[in-house]
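Structure record follows, encoded as structure tokens.
The values are calculated or read from the model by the stated rules, or taken from the named source; none is laboratory data. Because the structure is predicted, anything quoted here is derived from the model rather than measured. Backbone-built Cβ (ideal geometry, glycine too); neighbour counts: all protein chains shown. SASA here: full protein model, heavy atoms, side chains in, ligands and nucleic acids out. Shrake-Rupley method; radii C 1.70, N 1.55, O 1.52, S 1.80 Å.
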Amino acid sequence: MKDVSANADAKRLAGEAAAELVKSGMVVGLGTGSTVAWTIKRLGEKIKEEGLDFWGIPTSFQAENLAIASGIKLTTLNSHPVLDLAIDGADQVDHNLYVIKGGGAAHTREKVVAGSARRFVIVADESKYVPKLTWPVPVEVLPFAFRLVERRLTELGGKPVLRLGKMKDGPVITDNGNFVMDADFGTIEDPKGLAAKISPIPGVVEHGIFDNLDELYLARAGGVEIIRRRRG
Ligand code: 5RP
């Protein structure tokens, strides 16, 4: 699908820059969304133009289809449990490199793939880079547990809303057969603390707060800036 958003050029810049990280012989996680789609398409070009030869592990049905169309060889976490690299998009990244993902309802598989990778890279345009996270947190939920999770997220100070389909009546169904709730917590002062409170709610499959980002490829006016996590 053509990306007609105002940030489409910046998304392309960041997405294509990260494709240069992929080398022959690697196993690479392929994220979901319109920014990392540029990475996947560029990788397809590099396969044809340069003979780049690597394995991809897609994070969603969307990523899988795009990877197949781009000529990328696919494998599974079962065959390749440790990845060299995972590249993905984000909904927001804060200045401490905490991330909110799941705008495409793919965050559960995205988190599993990123957690299996030695290096996790996010590609984004500048609008996503914020001092503090404010994006509603996507929470994948077992349909059976939807009301309990809704109540608990509200008790934590969130305003959870069941994500509804477009061109489909009723809820969005994830690639794993579950629902997604978007819980607005306003400004999130302590992403790690909030994540630790959401995870144990019975019926929560996975939330969209990520704390394992290594590098952010951020498209800014002057080009792509690479922001690395300070380890200490
Ligand atoms: C999907 C995601 C996406 O990476 C995130 O929503 C960003 O998408 P886009 O690059 O289209 O803005 O987390 O679950």
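Within region 201-220, can you find the residues that are closer than 16 Å to residue 106 by Cβ and under 12 Å from the mean Cα position of the chain (by Cα)? Passing the criteria: 207, 208, 209, 210. Listed by position, the strands (runs of 3 or more DSSP E) enclosed by region 64-169 that each have at least 1 residues that are within 15 Å of residue 35 (Cβ to Cβ) and touching an Asp or Glu at 6+ places or on another chain (Cβ under 6 Å) are 85-88, 120-125. Among residues of region 35-58 being more than 18 Å from residue 114 (Cβ to Cβ) and within 14 Å of the ligand (Cβ to nearest atom), the one that is most open to solvent (accessible area, probe 1.4 Å) is 41.
Does at least one position in region 138-151 carry a residue that is within 15 Å of the ligand (Cβ to nearest atom), at pLDDT 95 or above and aromatic (Phe, Trp, Tyr)? Within region 138-151, none of the residues are within 15 Å of the ligand (Cβ to nearest atom), at pLDDT 95 or above and aromatic (Phe, Trp, Tyr). Number of residues in region 164-176 that are open to solvent by less than 40 Å² (accessible area, probe 1.4 Å) and on the phi < 0 side of the Ramachandran plot equals 4. Listed conditions (1) charged (D, E, K, R); (2) open to solvent by less than 80 Å² (accessible area, probe 1.4 Å); (3) touching a strand residue (DSSP E or B) at 6+ places or on another chain (Cβ under 8 Å) are all met by residue 220, apart from (3). Restricting region 59-90 to residues that are open to solvent by 30 Å² or more (accessible area, probe 1.4 Å), of a type outside the set (A, V, I, L, M) and in contact (Cβ under 8 Å) with a residue 40 or more places away in the chain, the residue that is farthest from the ligand (Cβ to nearest atom) is 80. For residue 9, the conditions (1) over 18 Å from the mean Cα position of the chain (by Cα); (2) surrounded by 15 or more Cβ atoms within 10 Å (Cβ to Cβ); (3) modelled with pLDDT under 95 all hold with the exception of (2).
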